[in-house]
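First up is the structure itself, then whatever we jot down about it.
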Amino acid sequence: MPASDLAVHRSTIHESAARHVTGTAPYIDDLPELPGTLHIAFGLAQRAHARIVAMDLSAVRDFPGVVLVLTGADMPPDVDISPVHAHDEPILATDVVEFHGHPIFAVAAATRDAARRAARLAKVTYEDMDAHIDIEAARPKGRTVVTPMTLNRGDAPAALSTAPHVIAGRCAVGGQEHFYLESQIAMAIPGEGGEIKVLSSTQHPTEIQHMVAEALGVALHLVTVEMRRMGGGFGGKETSGNVFACIAALVARKTGRPAKFRPDRDDDMIVTGKRHDFVIDYRVGFDDDGMVLGIEGTFAARCGWSADLSGPITDRALFHADNAYYYPAARFVSLPLKTNTVSNCAFRGFGGPQGVVLAERVMDEIAYALGLDPLEVRLRNLYGTDTRNVTPYHQTVEDNVAPRLMTELADKADYAARKARIREANAKSPVIRRGIALTPVKFGISFTATQYNQAGALVHVYTDGSIMLNHGGTEMGQGLHVKVGQVVAAEFGLDIGAVRITATDTSKVPNTSATAASSGSDLNGMAAQAAARQIRERLTAFAAERWQVAADSVKFENGTVTVGGETLSFADFVKRAYNARVQLSASGFYKTPKIHWDRAAGRGRPFYYYAYGAACAEVAVDTLTGEYRVLRVDILHDVGKSLNPAIDIGQIEGGFVQGMGWLTTEELWWDGQGRLRTHAPSTYKIPACGDRPLHFEVALLENQANVEETIHRSKAVGEPPFMLAFSVLHAMSDAIASVADYRLCPRLDAPATPERVLNTIEALRARAK
Amino acid sequence: MAARNCLKFLLGHEARTLDAVDPTATVLDYLRLEERRTGTKEGCAEGDCGACTVVVARPSPEGGLRYQAVNACIQPLGTLDGAQLITVEDLAAADGTLHPVQQAMVDCHGSQCGFCTPGFVMSLFAMTKEGFPPETDDQAIDEILAGNLCRCTGYAPIARAAHGLAAMEITDGFDARREETQAALAAMDDGADVSLTEDETRWFHAPASADGLAELMLQYPDATIVAGATDVGLWLTKHLMRPDPLIWLGRARDLATIEETTTDITIGAGVTYSDALAHLSWTWPDFGAVVRRIGSTQIRNAGTIGGNVANGSPIGDTPPMLIALGARLHLRQGRIRRVIPIEDFFIDYGKQDRAPGEFVEAVTIPRPAPGQIFKAYKLSKRFDQDISAVMGAFSLFVDEGRIVTARVAFGGMAGTPKRSPSAEAALTGHTLEKSAFETAMRALAIDFKPLTDMRASAAYRLKAAQNMLMRVFIEVTDEDAATRLWDKRGIDDAGL
Ligand SMILES: Cc1cc2nc3c(=O)[nH]c(=O)nc-3n(C[C@H](O)[C@H](O)[C@H](O)COP(=O)(O)OP(=O)(O)OC[C@H]3O[C@@H](n4cnc5c(N)ncnc54)[C@H](O)[C@@H]3O)c2cc1C
Ligand code: FES
Ligand code: FES
């Protein structure tokens, strides 16, 4: 029973594209409001760490239009919205505020304008406590939000003590604001008998359902969460939506009125978590050929005031401290520090990119120490195929394509010749210096919490041949729905137009996982395929019996069904099946095979497979001010057998530019009082159109089916391309190195703002003296 | 003539007359809350993301209509008077056929999450109406789209769509109804002063002339003047201020004039950056290059140099350049006019030489004199659409290889935009030699003790300002050296 390949492996446009461009794709704030809808705003703490001595909210309550004010005291006792059930995250702060901007009350009013104005009228008296804002302030105290993890393979201390060369160093990398264009939003609508419906811009409807049920003290079956589309997520809507949904639900419950909570951009950026910044201390030992012999690293992370997902995120930093390189002996330790800042959370790559920082820094260190080309050092240290293929967490790499990717790309991008030309030009250029670098990515695919690697889907075939598809994944722009739709269409030999995907809904497909970890199409595609296959099998069995033919002669192709020499339209065929009382609806389920993980032992197979990529970047740096420009980027990326090349290329381009922003202009800046001062696009600078590489060429690795049995042998693509942006950081490094004749490793930290670039240039000049 | 108390504009092709207008309501809130046109999005409410981009069409002085993209989130509703407001809902044909701009975005996979998309569509739509630049290269596209942030696509597919559109001949429904639209707008153009209010407590006045403005300012000496609202708009949306009354000068056509003489250019307070740009670029290329980086196309379509000066900000981009060039500021109170050197306007942080009831009428910029060299450098974290960390402007009069006069001014280095007397002294009288510039670089430390904030540290500000002097030196002495990142020299072998 071969499935038709017509619908998959082709560049079908995003299912909402035509609605996006006409403004007719509604986001939650665009939906008509029910009469009486209340609007909510937060009151935020004005101290980084303090006891609340007194809180006078009378002016807030008296403001015209205000209907309800909620404080921590109004929260049901013992409610905790920690996504990992750490019991460290009350909905509103009560006695103690733990970061500047900590929500201390919520005000609901007839208009959003009234709620925002009222929220600013609180009079709060604080008694300050010691505040630890950044990693260095928190380190001496050593308070962690979760138990640190250690990865240990081989004997790293011994390897370091005998290595011919050892370098010790420190690298730092900043955090990152998600800056989804649509801010957080939740709308709660009370129903009968204690029911509540919540519309939430979330990557994880099931978690919203759990949190709302917990906040209201009701069973899960009373809470329905619906999510049609997000205006971007990037991990920032995996857990951060909980507080908005819970407050909206509580307001709806207490007032009996619909309640909508859309924070303004400043509040959104102040109240919700970000990518963790890290300081990594390392020692690496290597031989005369530049081969790593042993490596140690301590990964200190600013986690913020609560655990959130900091545990698995800092774990993933360690999982990716190898990037694509083999370390014969490695010992990595995480240090997830508690700080008095917003609680950091998931962000594309989930800690992985911060791990890669170390791997790529170390490759540069070795190259400069030995006078080798950094690309040569990178190539030499790549994982092998049959040997040198075990990771620091004892998983064997079975699908390594990094060597092929890097050599093909080096060729295609003409790396060596361009590098020579750049060096020549630099020697004659007093101000503008160029640099080039080629870096790899290897990214592990699966949730490291094994239980999340499951998914469900629901497929209905109607009697006119049209199909309704629903699955547990959420659409945030990544094109998940069109991909899963293609999978289902392919099962029935139909055009994608026959399949309609409806809003993710906890009452249709229950107990779903977050759409995260790049897993969306891997998991939901398989679940949807399973559902579609059940129906197709029933249809086939019906046909075989009705026409008295062998099952494998029944063909679903081009919108038709061919059976026993007869060709019917799919609709006609389905109608007959209906009349014969064939069940035309099915739910599908999938769980990822092979994976297991023992965190305490630091051992297992956390990842089903790896996705790979490589990028070559060329930049120009202004050595007077540290400004820079990305001139050219060539990318070669492995997505297995792509379900939809256009969507995949979109993820690669977008992920790359977002990664570039993280490593360059995106800087989170806290002042002496622990106030985040970069809480709007006026001060927090994500890449603009002009920051994209002048010449930007993305290609997919050809003829590379996933060795594992994934959906149509494709590979996940959401997160891996983010790390292609290291090519930019290291190209800048290469340009900077020119000021000291390429003798010293520039040790450029991120974000490499113009200021940090200039400082690195100055430091390098000083070291060269 | 009695003031008109209603707001008149076209929403798409429908006439709107609003009798009750909240003076501080924004176009965006009006669209989303009143009209329930929710295609236009709010991403930031501060003019930075472009999700709210709409197009405003007005009769052009040269005849025909002029279509400009603006940020609906920071435009007070009253500024729509006499205009056609076009939103993303207006573009597709009645039968649902997509506008070529929309079709190009679909074809190029230009939307992912789609939240930024209506804004991009509107920015590109404005370009198709105004005409793309003759050779639309990537830099031109960056300039058109600098005010539209997209977090998903990395811009590549959108730039591809823009390239495609630039190469197309496009006529659309707006062309078909051009005459009808022009007639409708002409009918609204009554030359009346406009005064709007919702409940007679707070007011939005839009005088039709500079005289009218002068009179109103005498009547309300502490009124808040609104020019492009690219600063004032943020007071409303982010600081929730309700300044009263607001007096918008956008209807005073006599303030929107540019006068050129053989010696100087006088730019009226109502002239937008977009309108001033060509004149400035032609006269002072570096001035133009900086203006091209002020905000975005949307911001420049609304914002004015007058507002940039009047707000007294230490980090505005034009004041250092105006100071270095010795510009003069025209102030007016009632019938009394005075002209002052622009540097004297900036007294202290938050304090300007402007009396209650007084307003900026124009700024006069001298044209280049023989032997004059002018350089200006804007330094920001991000190249496009970012506020400067340091803005340096340098005017040198060189005679027979010797610097006769030097005017060195900086923004971002003190509480006001300010000259550096020590650096100027170090340069004056010297030949164009490195040592003179190095002395001037050290001298900056005497005149400036900059601040540390989220844009830059004090040390970096000083260092970068000093290095700007070095850049001046290199540029005036070594013609072959590539000194600017956007200079194509030196990068032409990158295989681009
Ligand atoms: C997204 C964004 C990006 C920006 N980027 C830049 C940038 O790159 N560089 C930069 O310098 N600025 C930037 N700005 C700030 C702003 O655009 C400029 O300062 C602009 O010049 C203000 O002009 P306006 O006409 O919009 O002024 P308005 O906002 O209308 O007014 C500004 C101030 O001047 C007063 N005023 C205006 N006109 C007069 C007058 N004729 N007489 C007396 N007082 C008057 C107003 O009362 C108010 O106090 C940016 C702003 C935004 C929102
Ligand atoms: S909403 Fe961001 S620019 Fe207007
Ligand atoms: S498509 Fe999501 S922000 Fe542009």
Taking the dipole about the Cα centre of the protein assembly as shown, with the C-beta of Lys and Arg at +1 and of Asp and Glu at -1, give me whichever of A:354, A:231, A:532 is farthest to the positive side.
A:354
Placing +1 on each Lys and Arg Cβ and -1 on each Asp and Glu Cβ in chain A, then taking the dipole about the Cα centre, the residue among A:371, A:440, A:689 whose Cα reaches farthest towards the positive end is A:689
Taking segment B:256-477 and dividing mean pair separation by its residue count, relative contact order in percent (alpha carbons under 8 Å, at least six apart)
17 percent
Give the calculated FRET efficiency between residue A:548 and residue A:468 to the nearest 0.05, with a Förster radius of 30 Å applied to their Cβ-Cβ distance.
0.45
Under the 7 Å Cα-to-Cβ spin-label approximation, residue A:769 and residue A:699 lie apart by a distance in nanometres of 4.7 nm
Asserting the computed 222 nm helical MRE of chain A (DSSP H runs at least 4 long, -39500 (n - 2.57) per run, divided by residue count, to nearest 500) equals -9000 deg cm²/dmol
Between residue A:507 and residue A:139, what length in nm is gained on full extension when 0.36 nm per residue of separation is reduced by their alpha carbon distance?
128.0 nm
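Normalising by the residue count of chain A, find the relative contact order in percent from Cα pairs under 8 Å and 6+ residues apart.
Numbers: 1944 pairs, mean separation 119.3, N = 769.
Relative contact order here is 16 percent.
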Run the numbers on segment B:100-171 and let me know its relative contact order in percent, using alpha-carbon pairs under 8 Å that are six or more apart.
51 percent
Looking at segment B:256-477 from every direction and averaging, what is the projected area of its Cα convex hull in nm²?
11.7 nm²
What spacing in nm lies between the two simple spin-label points modelled at residue B:397 and residue B:431, each 7 Å away from Cα in the Cβ direction?
2.2 nm
Per-bin percent of Cα-Cα distances, segment A:627-769 [5 Å]:
2, 9, 16, 16, 15, 13, 11, 8, 5, 3, 1, 0
From the convex hull of the Cα coordinates of chain A, what is the mean projected area in square nanometres?
34.0 nm²
Kirkwood calc, chain B, C-alpha pairs only, radius in angstrom 23.8 Å
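For the pair residue B:351 and residue B:260, what calculated FRET efficiency results from E = 1/(1 + (r/R0)^6), where r is the Cβ-Cβ distance and R0 = 30 Å, to the nearest 0.05?
Working: r = 33 Å, r/R0 = 1.08.
Step by step, r from the Cβ atoms, then E = 0.40.
State the extension gain, in nm to one decimal, for the chain segment bounded by residue A:110 and residue A:709, taking 0.36 nm per residue of separation less the distance between their alpha-carbons. If you can, show how the numbers build up before the last one.
On the way: separation 599, 0.36 × 599 = 215.64 nm, distance 5.34 nm.
Roughly 210.3 nm would be gained on extension.
Quick one: what do you get for segment B:100-141 if you divide its Cα Rg by 2.2 N^0.38 Å? Mind showing how you got there, number by number?
Working: Rg = 10.9 Å, N = 42, 2.2 N^0.38 = 9.1 Å.
Relative to the rule-of-thumb radius for its length, segment B:100-141 sits at 1.19.
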In what sequence, highest mean first, do A:510-521, A:494-505, A:101-112 appear when ranked by Cβ atoms within 10 angstrom?
A:510-521, A:101-112, A:494-505
In this structure, the FRET efficiency calculated for residue A:600 and residue B:17 from their beta-carbon separation, with R0 = 51 Å, to the nearest 0.05, is 0.10
Protection proxy ranking of A:377-385, B:322-330, A:74-82 - average other beta-carbon atoms within 10 Å, highest first
B:322-330, A:377-385, A:74-82
When the charge dipole of chain B is computed with +1 at the Cβ of Lys and Arg and -1 at the Cβ of Asp and Glu, the Cα pointing farthest to the positive end, of B:92, B:421, B:213, is that of B:421
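Give me the net charge for the shell around residue A:622: Cβ to Cβ below 12 angstrom, other residues only, Lys and Arg +1, Asp and Glu -1. Could the numbers behind the result be given before it?
Details: positive: A:433, A:434, A:629, B:471, B:484; negative: A:627, B:487.
Here the count lands on +3.
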So what's the angle, to the nearest 10 degrees on a 0 to 90 scale, between helix B:117-130 and the longest Cα principal axis of chain B?
80 degrees
Charged-residue dipole, Cβ positions (Lys, Arg, Asp, Glu), chain A about Cα centre, Debye nearest 20
280 debye
Spin-label point model (7 Å from Cα, Cβ direction): what's the residue A:95 to residue A:581 distance in nm?
6.7 nm
Calculated from backbone phi, Karplus (6.51, -1.76, 1.60) coupling profile of segment A:227-232 in Hz, x at Gly/Pro:
8, 8, 7, 10, x, x
Check residue A:715: other-chain or 5+ apart residues with amide H under 5 Å from its amide H, H built from backbone geometry?
A:640, A:641, A:643
Using alpha carbons only, how many angstrom separate the centre of segment A:378-454 from the centre of segment A:498-534?
33 Å
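Looking at the square roots a ≥ b ≥ c of the eigenvalues of the Cα gyration tensor of segment B:299-364, which shape do they give, rounded for a/c under 1.5, prolate if a/b is larger than b/c, or oblate? Each step should come with its number before you reach the end.
On the way: a/c = 1.42, a/b = 1.29, b/c = 1.10.
It comes out rounded by the Cα gyration axes.
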The helix B:434-447 Cα axis meets the longest alpha-carbon principal axis of chain B at an angle in degrees, between 0 and 90 and rounded to 10, of 70 degrees
Enter the mean number of other protein chain beta carbons within 10 Å of the beta carbon of each residue in A:675-686, as an integer.
5
The orientation-averaged projected area of the Cα convex hull of segment B:177-235, in nm², is 6.0 nm²
Rounded if a/c is under 1.5, else prolate if a/b beats b/c, else oblate: with a ≥ b ≥ c from the C-alpha gyration tensor eigenvalues square-rooted, which is segment B:100-171?
prolate
How large is the dipole of segment B:304-355 about the Cα centre if only Lys and Arg carry +1 and Asp and Glu carry -1, each at its Cβ, rounded to the nearest 20 debye?
400 debye
Assign one of three labels to segment A:538-578, namely rounded, prolate or oblate, based on the Cα gyration tensor with a ≥ b ≥ c the square roots of its eigenvalues; rounded applies when a/c is under 1.5, prolate when it is not and a/b is larger than b/c, and oblate otherwise.
oblate
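Average partner chain C-beta neighbours within 10 Å, per residue of B:138-151?
Numbers: counts 7, 2, 0, 3, 6, 2, 1, 3, 4, 2, 3, 8, 10, 18.
Average neighbour count from other chains, rounded to a whole number: 5.
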Protection proxy ranking of A:331-337, A:272-278, A:550-556, A:212-218 - average other beta-carbon atoms within 10 Å, highest first:
A:272-278, A:331-337, A:212-218, A:550-556
Assuming 0.36 nm per residue, please report the length gained on full extension of the stretch residue A:671 to residue A:219 beyond their Cα-Cα distance.
158.4 nm
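Read the figures in this text as sums done on the coordinates, not as results from a lab. In this text, all values refer to a predicted model and were calculated from it rather than measured experimentally. When we count neighbours, we look across all protein chains shown, and the Cβ atoms used for this are built from the backbone with ideal geometry, even at glycine.
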